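Below: the structure, in structure tokens.
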Amino acid sequence: MSLMNRFFAAAALVVLNLAIVAKAEDQGNCSNGSLHGNFGLRATGRTLAGGDIIVLGRFTYDGKGNLTATLFNRLPNAANETFTITGTYSVRSDCTVSDVWHPDNGGADSTHESVLVNQGRGFFILNTTVGAPVVISGEAKRQ
């Protein structure tokens, strides 16, 4: 086989592989393994009392349903808060995610819903904790 024929055969395989991957994503074949590695998070919101809040964080997902993070909060009274969390997550086949965070600072657990984007290289997140005194949403990107 000539060099040119090999090149075209290799290019055809790459295109076919990309088409298969794209089709799998269209069908929503996500799992816990789809969310793994380190992510930087930026989220903003408001407290129910009317003050703004911003959250920055570095998350690590193990691809098996466990997460750890360090969070930096800027609170409405201009105070800063830093703490770590552990938690669990579950990725559904449609690439949506549910998680629970357990803070180390004695605060209450929180729940969130997310949507994986860009082939798992990022996600959009919404705090869905019932009774939470804040409304927060954000975006995370793989580091």
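In the stretch 103-114, what count of residues is obtained for those that are of a type outside the set (D, E, K, R), touching a residue at least 12 places away in the same chain (Cβ under 8 Å) and out of contact with any Leu (no Cβ under 9 Å at 6 or more places or on another chain)? Don't jump to the end; show me each part of the working.
Just the residues of the stretch 103-114 that are of a type outside the set (D, E, K, R), to begin with: 103, 105-108, 110-112, 114.
Within this subset, residues satisfying the condition of being touching a residue at least 12 places away in the same chain (Cβ under 8 Å) are 103, 105, 107-108, 110-112, 114.
Subsequent filtering for residues that are out of contact with any Leu (no Cβ under 9 Å at 6 or more places or on another chain) retains 105, 107-108, 110-111.
Within the stretch 103-114, residues that are of a type outside the set (D, E, K, R), touching a residue at least 12 places away in the same chain (Cβ under 8 Å) and out of contact with any Leu (no Cβ under 9 Å at 6 or more places or on another chain) number 5.
With the structure loaded, tell me whether Gly37 is within 13 Å of the chain's Cα centre (by Cα), closer than 16 Å to Gly122 by Cα and not β-branched (Val, Ile, Thr) or whether it fails that test. Quick ask: steps written out before the conclusion?
Values: within 13 Å of the chain's Cα centre (by Cα): yes; closer than 16 Å to Gly122 by Cα: yes; not β-branched (Val, Ile, Thr): yes.
It is true that Gly37 is within 13 Å of the chain's Cα centre (by Cα), closer than 16 Å to Gly122 by Cα and not β-branched (Val, Ile, Thr).
Looking at the stretch 21-36, I want the residues that are under 26 Å from Ala69 (Cβ atoms) and modelled with pLDDT of 95 or more and have a partner that is surrounded by 12 or more Cβ atoms within 10 Å (Cβ to Cβ) and of a type in the set (Val, Ile, Thr) with Cβ atoms under 6 Å, at least 6 apart or on another chain. Which pairs are those?
Listed pairs, sorted by first residue: Cys30/Val91; Ser31/Val91; Asn32/Val91; Ser34/Val91; Leu35/Val91.
What number goes with the only condition from (1) more than 14 Å from Ser110 (Cβ to Cβ); (2) surrounded by 14 or more Cβ atoms within 10 Å (Cβ to Cβ) that Arg42 does not pass?
The one condition Arg42 does not meet is (2).
Determine whether Thr70 is part of a strand (DSSP E or B), out of contact with any helix residue (DSSP H, G or I) (no Cβ under 9 Å at 6 or more places or on another chain) and over 18 Å from Ser137 (Cβ atoms).
The answer is yes for Thr70.
Of everything in the stretch 115-137, what is touching a strand residue (DSSP E or B) at 6+ places or on another chain (Cβ under 6 Å), under 15 Å from Leu41 (Cα atoms) and touching a residue at least 24 places away in the same chain (Cβ under 8 Å)? Give them in sequence order.
Answer for the stretch 115-137, where residues must be touching a strand residue (DSSP E or B) at 6+ places or on another chain (Cβ under 6 Å), under 15 Å from Leu41 (Cα atoms) and touching a residue at least 24 places away in the same chain (Cβ under 8 Å): Leu116, Gly122, Phe123, Ile125, Asn127, Ile136, Ser137.
Could you list all residues from the stretch 77-94 that are part of a loop (DSSP other than H, G, I, E, B) and over 20 Å from Thr129 (Cα atoms)?
Residues of the stretch 77-94 that are part of a loop (DSSP other than H, G, I, E, B), as a first pass: 77-79, 92-94.
Those that are part of a loop (DSSP other than H, G, I, E, B) and over 20 Å from Thr129 (Cα atoms): Asn77, Ala78, Ala79, Ser93, Asp94.
Please specify each residue of the stretch 115-141 satisfying the condition of being within 11 Å of Thr96 (Cα to Cα) and outside any strand (DSSP E or B). Walk me through how you get there before you give the answer.
Within the stretch 115-141, the first condition is being within 11 Å of Thr96 (Cα to Cα), and the residues that meet it are 115-117, 120, 123-125.
The one that is within 11 Å of Thr96 (Cα to Cα) and outside any strand (DSSP E or B): Gly120.
For the stretch 29-67, what are the residues that are aliphatic (A, V, I, L, M) and not in a loop (DSSP other than H, G, I, E, B)?
Of the residues in the stretch 29-67, the ones aliphatic (A, V, I, L, M) are 35, 41, 43, 48-49, 53-56, 67.
Residues satisfying the conditions are Leu41, Ala43, Ile53, Ile54, Val55, Leu56, Leu67.
Can you name the residue in the stretch 113-134 that is at pLDDT 95 or above and under 16 Å from Ile54 (Cβ atoms) and is also surrounded by the most Cβ atoms within 10 Å (Cβ to Cβ) among such residues?
Top of the filtered list is Ile125.
The values are calculated or read from the model by the stated rules, or taken from the named source; none is laboratory data. The shown structure was predicted, so the numbers you read here are calculated from the model rather than taken from an experiment. Don't worry about glycine lacking a Cβ; one is built from the backbone with ideal geometry, like all the others, and counts go over all protein chains shown.
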